[in-house]
Each structure stands twice: as structure tokens, then as C-alpha cells.
Amino acid sequence: MQDMTKGSITQHLIRMAVPIMIGMLFQTLYFLVDLYFVARIGDAAIAGVGAGGNLMFVVMAATQVLAVGTTTLIAQAVGRKDHADANLVFNQSLAIAAICALATILVGYPAVGAYMHTLGADAATQTAGIDYLNWYLPGLALQFALVAMGSALRGTGLAQPGMIVQVITVVINVVLAPMLIAGWGTGHPLGVAGAGLASTIAIACGVVMLALYFVKLEKFVRFDAVLAAPQPAQWNRILRIGLPAGGEFALMFVYMALIYAVIRDFGASAQAGFGVGGRIMQAIFLPAMALAFATSPVAGQNVGAGLLDRVRATFRSSIAIGSAIMLALTLICQIEPDWFARGFTQDAAVIAVAAEFLKYISWNFVAQGVVFTCSGMFQALGNTVPALLSSASRLLTFAVPVLWWSRQPGFELHHVWMISITSVTLQALVSLWLLRAQLQRRAPTQLLNQPANVTA
């Protein structure tokens, strides 16, 4: 356990953000590695895996509910020096994770076909997406256990164990992907199905490794079957904070699915280009997202301790660092946007779409970083509803204009990216306004999030 209610806030942020970013980078490599080998199969395979992988946002939304609720409550408990409450929250989050994993399997498989038939540009794309998801769904289900354990560690101020496990799992995936996708060494290529299977096996290994860490090394929060027995009051605490944050990710899925739907008439190359560009954008966002994830536990421990000045200082430091990083990444995408895409495909049409996407969309990188940081602060404060409202504002500023414009003569792909720039900028302004209102209303004594009466 690391006490972050004392010492340099900037140092705490960097100490937490660096391993989180490394872990997230390697997690993103799951998809980039798959995409690299899948690209050798053809445009339909790229588009299918891209559209199928977008279902990841649904699972990420659900895991975000668990992650945010667990991290926030444990961080605040650490700030209050309340070991018993931290341990209770951890074990209750594991119980929720088990139920969510089961639900992913039971709901996911019946929905795969309908999902891909809705988004796929053609029959080949739909088939590729279905094959990929049939083997990747078990891995998505296992993400809940991985997230519950990793979030507990972040709440206590430890990010390195989760990072190490993610690095190892990606190495496993890198080894398995060419073997299963292309048949290297086996002579039995599985195509896009192999991409899904490689990721599932790697994630399963990660769950086992992180569980062993808790059994052998972790001392502050431990597995306890008695504390894992369902307690509705504790589930309510976790979900009250986590559900709005999960809603943010669910809206990301809606926005991404909307883009796939409105550009489907431009063909598989357009969807493939957007799929490549979208995966690259996710990788580019990693520094800002890592900083936001670090902001939550650092500010959260200080919320638990009632140190409002340190909470505000955490926000200022995070915004300054994040904006500088995102500005540098914007300049890179403006200078050489197609360099990123060439690493995944040599198809000129796909590269052109991906490069255009990155060149336009990079203008909202700084604003997106502000949104991420504000979301981390809302999580630390234990009130994630404002972050959801901010994200929902894009229904009016992005979804409605895109749907309208897509039906007009002369509609082009770059019109979608232009609307996105405007909508994210407006979202950043809304987030700042809502966060300012939250901080103004709270005195140090009001920041304390005392737990409800609990039973062991």
C-alpha cells in the first residue's frame, strides 16, 4: 500500500501513470498484434475484426463500472486508513466480477450474429467478425476478474503488479497470434478465429498470474470467501459510483457503432481504414488515459483524507501534464499521419482513410485529454454522474448532426471527423464547468465518503 496523502502530487501521478500506461500499451497490443496478422488475410478480415472488436467497448463499459467503483472506494478507504472497508470492497468486487463474466457468455454468444449483420459492410466482413468474436468472448468474460484485481491494487497505490502481468500476457499473445492466425509452426491457420483464441488464452494466463500475486504477495487486501458473500449494500456502493462511468464507455460504443453504420456505404476499405485509424488512436490516447487513471486513486486517497487542497492540486498537475503530451501527439499526427497506418496494411485505399482520419481527429487530442482528466476527478470525488452527462452531450453535438449529414447529398467521410472535433471540444468545456461546480460545492468535511454500516 502506498500513502498518497503526503509528498509530491506530481511524483505520485507520474509514479502511478507510467506503469499504468505501459500496462495499457501492452493491453492495446492485443488488438494491434491481431490486426497486424489479420491484415494479411484481406480487407474483409480487417473490417470484420475492427467491427467485432468494437464490441469490446460494451465489455469495457461493464468492466469500467467495476473498476471505477472498486478503485474509488478502496482509495478513499486507504485515505481514511480503513483497512477493513478496503478488504470488504475488494472481495465484493470479485463477487460482482464472477456474475458479470457469466452474463457475458450467456448474452454474448446469442447476440454475435445479429450484431455483425447490423454493422458489417458485406457478407465476408460479417463472417470474419463472427468468427473472431466466437473465440474472443471467453477472453472478454475473463476481463472482469482481471479488472477487479487490478483496480484494487491501483486503489492502494500499486500499479506495477498489474503492468507486469499485462506485459507477460501480451508476450504470450504475440507468440500465439502467428501460430494460430497464420499457422506458423502448426500448418493449420485459423484466420480471424485464431486472433480471438490467442487473446483469450493470453487473458486467461493473466488472470491466473494476478490471482497468484494476491495469494502469495499482497497483504493489504486479500481473498476472503466470507467477505465475498453477496452484500447488497456493498454492491450498491460500488455500482452507485461505477454505473455512470460505465455509461461513459457504453456511449463510446454507441458513437463508434454509429460511425461504422454511417460509413458502411463507402465499402469495406472505408471501414477497414477507420478500424486501423481507430486502433491507432486508442494507442495514441494511452498517455492521457493512463494519467486519468492515475488521477483517480491519487485524488481519491486525498478525498478520503479530506484534503481538498491536494485534490485541487492533483487536477491542476494532471491537466498540465496531459495537455503537453496530447499537444505533442497532435503535431506528430499532423506531420506524418499515414506512417502509422503503413505498419498494418499496404492497401492504398485503407491507408488513405486511416491517414485522413488521424489528421482530422488529432485536432481534438488536447480536448480529449481534458475530458479524461475530468472523468478521473469525478471518480475520485465519488460522483461520476457529471462525467456521464458530459459524454451524453455528444448525442446532441455528434450523433444527431452525423445522422442528419449522412443523409445529405455530397456526404463524405471527413464530414464525420469534422463533427467529432467540434463535439469533443464542447464536451471538454462541459466537463470543466461541471467539475468546477463540484469542487466549489464541497468543503473538506463534505469530501469524506463514509461507508455504510457493514457486516463481515
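The values are calculated or read from the model by the stated rules, or taken from the named source; none is laboratory data. As the structure is a prediction and not an experimental result, all values here were calculated from the model. Note: ideal-geometry Cβ built from the backbone for every residue, glycine included; neighbour counts use all protein chains shown. Only protein heavy atoms, including side chains, enter the accessible area calculation; ligands, DNA and RNA are left aside. Shrake-Rupley method; radii C 1.70, N 1.55, O 1.52, S 1.80 Å.
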Normalised by the empirical 2.2 N^0.38 Å for globular proteins, what value does the Cα Rg of the chain take? 0.95
Along the three principal axes, how long is segment 194-295 when you take its alpha carbons, biggest first, rounded to the nearest angstrom? 56, 33, 26
DSSP loop chymotrypsin sites (Phe, Trp or Tyr not before Pro) with at most 15 other Cβ within 10 Å: longest gap in the chain: 224-456
Report the accessible area of residue 317, computed with a 1.4 Å probe over the heavy atoms of all protein chains in place, in Å² rounded to the nearest 10. 20 Å²
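Can you tell me, using C-alpha contacts under 8 Å and at least 6 residues apart, the relative contact order of segment 1-152 as a whole percent?
Working: 127 pairs, mean separation 50.3, N = 152.
Relative contact order of segment 1-152: 33 percent.
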Report the longest stretch of the chain that contains none of the trypsin sites (Lys or Arg not before Pro) sitting in a DSSP loop with at most 10 other Cβ atoms within 10 Å. 1-218
Candidate lysines for bridging to residue 81, where Cα separation is under 29 Å - those fewer than 8 sequence places away on the same chain excluded: 6, 216, 219
Residue 359: which aspartates and glutamates have alpha carbons under 19 Å from its alpha carbon, excluding same-chain residues fewer than 8 sequence positions away? 336, 338, 347, 412
Residue list for segment 417-433, given a label point 7 angstrom along the Cα-to-Cβ vector of residue 327 and an amide N cut-off under 12 Å: none
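Mean Kyte-Doolittle of at least 0.0 and a Cα length of 20 Å or more along the axis: which whole DSSP H helices of the chain meet both?
Details: long enough: 9-38 (43 Å, 1.38); 56-80 (35 Å, 1.34); 83-119 (49 Å, 1.11); 123-155 (45 Å, 0.65); 160-177 (25 Å, 1.83); 192-216 (37 Å, 1.89); 232-263 (45 Å, 1.02); 268-284 (24 Å, 0.66); 286-304 (27 Å, 0.91); 308-335 (41 Å, 1.13); 365-381 (24 Å, 1.38); 413-441 (43 Å, 0.77).
For the chain, where a helix must reach 20 Å along its axis and average at least 0.0, the hits are 9-38, 56-80, 83-119, 123-155, 160-177, 192-216, 232-263, 268-284, 286-304, 308-335, 365-381, 413-441.
Is segment 135-277 best put as rounded, prolate or oblate by its Cα gyration tensor, with a ≥ b ≥ c the root eigenvalues, rounded for a/c under 1.5, and otherwise prolate when a/b is larger than b/c, oblate when not?
Values: a/c = 2.62, a/b = 1.34, b/c = 1.95.
It is oblate, given that a/c is not under 1.5 and a/b is not larger than b/c.
Take the alpha carbon gyration tensor of segment 283-438, find the square roots of its eigenvalues, order them as a ≥ b ≥ c, and report rounded if a/c is under 1.5; if not, report prolate when a/b exceeds b/c, else oblate.
Working: a/c = 3.08, a/b = 1.65, b/c = 1.87.
Oblate is the answer for segment 283-438, as a/c is 1.5 or above yet b/c matches or exceeds a/b.
Go ahead and estimate [θ] at 222 nm for the chain from helices alone: -39,500 (n - 2.57) per DSSP H run with n ≥ 4, summed, over the residue count, rounded to 500. Before the final figure, lay out the partial values.
Working: 18 runs with 360 residues, N = 456.
Helix-only estimate at 222 nm: -27000 deg cm²/dmol.
In the chain, carbon and sulfur make up what percent of the accessible area (probe 1.4 Å)?
On the way: 12080 of 17220 Å².
Carbon-and-sulfur percentage of accessible area, whole number: 70.
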